[in-house]
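This report concerns only the one structure given below.
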Amino acid sequence: MATIVIDPVTRIEGHLRVETEVIGGQVTGAWSTSPLFRGIEPILKNRDPRDAWMLTQRLCGVCTYVHGVTSVRSVENALNLTIPDTARVIRNLLMGAQFVHDHMVHFYHLHILDWVDITSALNANTTTAVTVDRQIYSGRSRDAAYFDGVKQRLQTFVGSGQLGPFANGYWGHPAYILSPEENLVMMANYLEALRIQISAAHMHAILGGKNPHPQTMIVGGVTLNKDFTTARISEFKNHVIEANSFVTDYYLPDATWLAKRYSAYAAIGGTDNLMSFGEFPQTSSEPASLFFPRGIIYNRAHSNVLPVDIANITEHVNRSWYSGQNLNPAQGQTVPDYTGLNTSARYSWIKAPRYQGLPMEVGPLARVMINYGKGQSATVSVVNAFLQQSGLSLSQMYSTIGRTAARAIETKVIIDAMGSWANELTPSPQTKTMPFRETFTMISEGSGVALNEAPRGALGHWLSFASTKVTNYQMVVPSTWNFGPRDGNNVPGPVEQAMVGTPVADQQKPLEVLRVVHSFDPCIACAVHVFDPERRSAYTVKTL
């Protein structure tokens with residue numbers, strides 16, 4: 001038996017430690033640890049609830065919009081406030097831009113290096129690369145001169161010796177199976193995506209004032225009327241078109257190609273239970289009008305999507321560094337109680353949320369499978385096309401490669417919908433009188449909850465206040481659901497479950513484990529906060 005510790009896991013947001021037990025070249029047990037404390041809830045106490053969004057939004061520099069809008073919505077829920085349709089559409093477009101940006105960055109700049117060997121690309125024959133390019137992208141062709149230029153850029157970068165995020169890549173690992181030409185084509189799109197993701201950031205700047213951390217949110221709607229012009233909406237639509245072209249022509253085909261080539265990972269990294277809070281309301285009626293429906297799937301039964309009742313959510317702290325009881329977030333507490341890292345006892349600053357006592361995977365795979373099970377037509381169409389082209393079955397979506405593909409699938413569904421939503425924005429000479437915000441009278445005491453989908457999964461904010469001051473604020477974020485530790489019944493969290501059964505060819509270079517972990521797109525900065533100043537040692541991958 002070998003114990004493999006990866007600390008820290010890189011190419012993620014935040015700090016994550018993963019420990020695995022390997023027997024016979026396969027993971028038999030896993031433990032997910034965050035060595036950071038989330039202190040944002042205590043910071044929010046005694047503040048005006050209308051100001052909470054400014055602080056919660058800064059939990060993370062990646063999902064920069066989601067906590068802000070969820071916080072605003074929790075106050076609106078306490079006030080029983082319905083926002084104007086124009087504000088609802090603008091919020092949907094801002095959220096859509098967040099998804100598109102986040103998913104492209106994750107696939108190309110955080111996750112693709114788990115599948116693509118950059119140094120192998122330097123050995124590619126560029127004429128052969130043109131043939132591969134045509135094969136992957138249905139006749140779209142970039143010529144040999146283009147790939148010569150890509151090779152030169154990569155060679156210059158590697159020759160500089162300043163590899164940055166590439167420095168710890170497992171080059172030459174036997175788990176890399178793509179040809180040099182396939183690697184070169186994928187790295188070409190890595191470089192192209194650096195340019196395209198700027199378009200998504202510009203969408204936030206147009207409707208949100210800036211990126212990161214858009215600032216046009218306010219309780220009751222948005223603050224945008226002076227910037228709501230025909231020219232700016234036209235500019236926004238142009239960015240949607242540019243992003244859609246890249247997603248359609250390259251991102252989705254790349255994810256499909258990887259699924260075809262790495263089909264072994266359709267049997268690795270799956271979980272059984274999925275949950276989505278739903279997203280993109282089409283009217284003021286929720287959850288009935290949600291473009292992405294709300295639902296639960298038990299035991300992979302996607303043909304039987306059940307409703308969500310948030311009263312069934314409990315956060316376990318038995319194996320986390322918190323004192324207190326296992327409570328619903330509405331009554332939740334955040335009381336730190338560090339006892340040392342011990343995987344047989346307490347070992348993480350992340351709590352362990354459960355739904356009806358069960359761990360739930362959240363994120364793109366959950367949304368896609370719930371959308372599919374509910375018959376959401378846009379998702380059904382893209383999924384069916386993906387399955388036909390990749391050769392995977394629907395049941396194989398419950399896997400590492402299925403989770404990676406689900407991000408691309410829903411990116412295509414969202415960017416298509418954004419074109420229609422943007423057409424609902426029609427600036428006119430009467431724009432200044434259009435309702436961007438619903439007026440209200442603030443109450444002194446109340447409680448509210450907001451349920452959203454962040455790119456990484458189900459997100460909930462629970463708020464209570466008295467004398468117009470926050471008395472309790474609890475957030476259950478996607479990476480809390482996915483990366484939480486074992487619960488009071490010693491049941492592993494979703495990522496801990498998903499890692500079991502993963503093959504490990506080289507215990508000194510556990511690339512296969514990272515493929516599973518990265519497929520969830522960890523955002524530990526959202527799940528926990530504040531670095532432990534006593535822990536400053538250099539971290540390495542260790543085999544014990």
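Calculate the dipole size of the chain relative to its Cα centre from +1 charges on Lys and Arg beta carbons and -1 charges on Asp and Glu beta carbons; express the result in debye to the nearest 20.
440 debye
Modelled label-to-label distance, SER420 and SER138, 7 Å Cα→beta-carbon offset: nm?
Modelled inter-label distance: 2.0 nm.
Using the beta-carbon distance between ASN384 and ASN238 and R0 = 41 Å, what value does 1/(1 + (r/R0)^6) give for FRET efficiency, to the nearest 0.05?
Taking R0 as 41 Å, the efficiency between ASN384 and ASN238 is 0.85.
Using a Förster distance of 41 Å, how high is the FRET efficiency between THR223 and LEU394, based on the Cβ-Cβ distance and rounded to 0.05?
0.40
Quick query: amide H of GLU279 versus all other amide H atoms, modeled in the peptide plane; which residues come in under 5 Å with a sequence gap of 5 or more or a different chain?
Here PHE291, PHE292 satisfy the definition.
Would you be so kind as to identify all helices of the chain, as entire DSSP H runs, whose Cα atoms reach 18 Å or more along the helix's own axis and whose mean Kyte-Doolittle hydropathy is at least -1.0? Don't skip to the end; give the middle numbers.
Working: long enough: 66-79 (20 Å, 0.36); 85-105 (30 Å, 0.21); 144-160 (24 Å, -0.06); 180-208 (42 Å, 0.40); 230-246 (25 Å, -0.32); 377-390 (20 Å, 0.66); 400-422 (33 Å, 0.37).
Span-like helices, by this rule, are 66-79, 85-105, 144-160, 180-208, 230-246, 377-390, 400-422.
Over all Cα pairs of the stretch 79-158, how is the pair count split among 5 Å bins, expressed in % and running from 0 up to the last occupied bin?
3, 12, 13, 15, 16, 10, 7, 6, 6, 5, 4, 3, 1
Could you pull the accessible area for PHE465 with a 1.4 Å probe, rounded to 10 Å²?
Surface open to solvent at PHE465 totals about 10 Å².
Please work out how much length the chain gains when fully extended from ASP337 to ASN489, using 0.36 nm per residue of separation minus the C-alpha to C-alpha distance, in nm with one decimal.
Fully extending the segment from ASP337 to ASN489 adds 52.7 nm.
Out of the stretch 174-271, which trypsin sites (Lys or Arg not before Pro) are coil in DSSP terms and have no more than 15 other C-beta atoms within 10 Å?
Taking the stretch 174-271 and a limit of 15 other Cβ atoms within 10 Å, the loop trypsin sites (Lys or Arg not before Pro) found are LYS210.
So for the stretch 77-200, taking the charge dipole from beta-carbon charges (+1 Lys/Arg, -1 Asp/Glu), which of ALA129, HIS106, VAL116 sits furthest toward the positive end?
Positive-most Cα among the choices belongs to HIS106.
Counting only protein heavy atoms, what percent of the accessible surface of the chain is carbon or sulfur at a 1.4 Å probe?
49 percent
Under 5 Å between amide H atoms, partner at least 5 residues away or on a different chain: which partners does TYR322 have, H built in plane at 1.01 Å?
ASP337
Considering only protein heavy atoms, what is the solvent-accessible area of LYS45 at a probe of 1.4 Å, reported in Å² to the nearest 10?
100 Å²
If you take the charge dipole of the chain about its Cα centre, with +1 on Lys and Arg Cβ and -1 on Asp and Glu Cβ, which of THR216, MET186, GLY270 is farthest toward its positive end?
Ranked along the dipole, the leading option is THR216.
Solvent-accessible area per residue for the chain at a 1.4 Å probe radius, Å²?
Each residue of the chain exposes 36 Å² on average to a 1.4 Å probe.
For the stretch 393-398, take each phi angle, set θ = phi - 60°, evaluate the Karplus expression 6.51 cos²θ - 1.76 cosθ + 1.60, and give the result in whole Hz per residue in order, putting x for glycine and proline.
9, 4, 5, 6, 5, 6
Need one word for the stretch 49-112: rounded, prolate or oblate. Basis is the Cα gyration tensor (sqrt eigenvalues a ≥ b ≥ c); a/c below 1.5 gives rounded, then a/b vs b/c decides.
Values: a/c = 3.87, a/b = 1.74, b/c = 2.22.
Oblate.
Which entry is the computed log10 I(q)/I(0) by the Debye sum over Cα atoms at q = 0.06, 0.07, 0.08 Å⁻¹ for this structure: [x] -0.36, -0.48, -0.63; [y] -0.28, -0.38, -0.51; [z] -0.32, -0.43, -0.56?
Matching entry in [x] -0.36, -0.48, -0.63; [y] -0.28, -0.38, -0.51; [z] -0.32, -0.43, -0.56: [y].
On a full-extension model of 0.36 nm per residue, what is the gain between MET442 and GLN162, subtracting their alpha-carbon distance, rounded to one decimal in nm? Before the final figure, lay out each step's value.
On the way: separation 280, 0.36 × 280 = 100.80 nm, distance 5.43 nm.
Separation in residues times 0.36 nm, less the Cα-Cα distance, equals 95.4 nm.
Using just the helices of the chain, give the 222 nm mean residue ellipticity in deg cm²/dmol: DSSP H runs with n ≥ 4 each add -39,500 (n - 2.57), and the total is spread over all residues, rounded to 500.
Helix-only estimate at 222 nm: -11500 deg cm²/dmol.
Could you go through the stretch 349-355 in sequence order and give the Karplus-derived ³J(HN,Hα) for each residue, using 6.51 cos²θ - 1.76 cosθ + 1.60 with θ = phi - 60°, rounded to whole Hz, and x for Gly and Pro?
With the stated coefficients, the stretch 349-355 comes to 8, 8, 6, 10, x, 9, 10 Hz.
Taking amide H positions as placed in the peptide plane 1.01 Å from N, state which residues far from THR502 in sequence (5 or more) or on other chains have amide H under 5 Å from it.
Hits under the 5 Å cutoff: VAL27.
Which whole-Hz couplings ³J(HN,Hα) result when phi for each residue of the stretch 274-281 is put into the Karplus expression 6.51 cos²θ - 1.76 cosθ + 1.60, θ = phi - 60°, listed in order with x for Gly and Pro?
So the J values, rounded to whole Hz, are 10, 9, 9, 7, x, 7, 6, x.
Over the stretch 119-201, how many percent of alpha carbon pairs lie in each 5 Å bin up to the one with the longest distance?
P(r) for the stretch 119-201, in whole percents per bin: 3, 14, 23, 24, 19, 13, 4, 0.
Shape verdict for the stretch 201-299, please, from the Cα gyration tensor: rounded (a/c under 1.5), prolate (a/b greater than b/c) or oblate.
Numbers: a/c = 2.82, a/b = 1.46, b/c = 1.93.
Here the stretch 201-299 falls in the oblate category.
The values are calculated or read from the model by the stated rules, or taken from the named source; none is laboratory data. A quick note: this is a predicted structure, and the numbers were derived from the prediction, not measured. Methodologically, a virtual Cβ is constructed for each residue, glycine included, from the backbone with ideal geometry; neighbour enumeration extends over all protein chains shown. We work out accessible area using only protein heavy atoms, side chains counted, and drop any ligands, DNA or RNA first. Shrake-Rupley method; radii C 1.70, N 1.55, O 1.52, S 1.80 Å.
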